[in-house]
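Down below is the structure, laid out as structure tokens.
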Amino acid sequence: MNSQAPETRPVRGPGASTPASEERRRRNQRRMLLAEQELRLMSALVLLIGLGLFLALPFVLSIGSVVFLPLVTALLLSILLSPLADYLSKLGLPNIVASLGALAVFLAILLASLALILQPAVDLFAQLPAIVDTVGERLSELRDEFAWLAMANEELATLMGNAGTAEVVLATPSLLEEIAFATPSVLLEVLITFLLAFFMIEARVRMRRHLLFDRASFGSSVKAARAMREVQDRVAAYIITVGLINAGVGVVVALGAWALGVDAPIMWGGLAMILNFIPYIGPMAMIALLALFGVGTAETVWIGMIPALAYLGLNALEGNVITPSILGARFTMSPVMILIALSYFTWIWGVPGALLSVPILLTLTAVFDHIGRPNLVGFIFGEPLFRSNLLEGGVDEDQAAPAGLPDRQSA
């Protein structure tokens, strides 16, 4: 009688894997690799398109400044004045009256500020030739004291063999001619700006309703509402807070100018308030103006520099202590980004672009906080340009096995 040995089967431990699970793991790895390569390619295309737009945008915005500058200014005004229009609407005013009232309040403040500045500025402008002559005399006196520097420079030029060069002077239009040519265009742009701002403020309720109820899902509606509210609150709070700080700077400058006996102290306070809206460049221009008129009206150069030095100390205190402590971390922006935005928009639109640069940067920062900021540094080292959960899909698929197949833990 032959006895047959029983068939033995390998016993799989709890950590062993079946051929099906190994094949699924390899398939998910290939899928992850393809998804990563595809995401990397899409990120590279997005980066190239964004870089091209960044380089081409200044020329488009500069050529079409008659259209784009009023549009951007009106958009920022609508963001700034919408909370005031909402408050007036809560008081029972119709929407169109509340929108018009918010715009009227802004116009009243703007015209009052310009009236306090322009009238004394016109009077000082008439004295500008005499002031320039006085500044020339003061500088000639100062140059006589440092004549040895000029002699050393001449000796150095002789040793270097630099010959004299002919100077070519091109005839340019006078200041009055330039103002006369630019006035119609400026008036047209200002009119278009305020009309656009009024219609944007008046349409804010319909836009909110459209963002909330015309989305495909409730989650996207909530995200859109949060993004709009965040942009509006951040930009409006920043402009109002900085405006109050700059108004305080203007009051201090006006009082200081009055105490030092400088002509038109209210004008100097208004100029300090307006120029302080332009980061870095505005205070430097204010220092230069105070130095020019101080040296041109004082008895000596050193006495004339007192107003400029006093403002320099005030600006250092305001920029490094007062403003950061009031604004806090919420409105903290990189000085590099501020300078890039300042030079970028000043290049495109001049002085209006310099005034709008920081609000535009703040608006873009608030928008990118909701839609995702580009990961430029990580992209250089192989990471996706934007943070995405696409690659996590392979992990979820690996963990959630299809029906009828054992998952990794039960294998």
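All of the numbers you see were taken from the coordinates with simple rules; none came from a lab. The shown structure was predicted, so the numbers you read here are calculated from the model rather than taken from an experiment. FYI the Cβ positions are ideal-geometry reconstructions off the backbone, even for glycines, and counts take in every protein chain you see.
Just a few scattered comments:
- Residues whose placed amide H lies under 5 Å from that of G350, excluding near-sequence neighbours: none
- Structural size metrics of segment 217-318, computed from C-alpha coordinates, are Rg and Dmax of 19.3, 73 Å.
- Phi angles across segment 223-232 convert, under the Karplus curve 6.51 cos²θ - 1.76 cosθ + 1.60 with θ = phi - 60°, into 3J(HN,Hα) values of 5, 5, 5, 5, 4, 5, 5, 5, 4, 5 Hz, Gly and Pro given as x.
- Residue-span extension gain [F106 to A259] - 0.36 nm each, minus C-alpha spacing: 52.0 nm
- Protection proxy ranking of 248-259, 224-235 - average other beta-carbon atoms within 10 Å, highest first: 248-259, 224-235
- For segment 336-352, backbone phi angles converted through the Karplus equation (6.51, -1.76, 1.60; θ = phi - 60°) give residue-by-residue couplings of 5, 5, 5, 5, 5, 5, 5, 5, 5, 7, 5, 4, 7, 10, x, 4, x Hz, Gly and Pro being listed as x.
- Ellipsoid fit via the Cα gyration tensor, segment 286-373: semi-axes of 34, 17, 8 Å, each the root of five times an eigenvalue, largest first.
- Counting 0.36 nm for each residue step from M333 to L187 and taking away their Cα separation leaves a gain of 49.2 nm.
- Couplings 3J(HN,Hα) of segment 81-89, computed from phi: 9, 4, x, 5, 5, 5, 5, 5, 5 Hz, in residue order, whole Hz [Karplus 6.51 cos²θ - 1.76 cosθ + 1.60, θ = phi - 60°; x for Gly and Pro].
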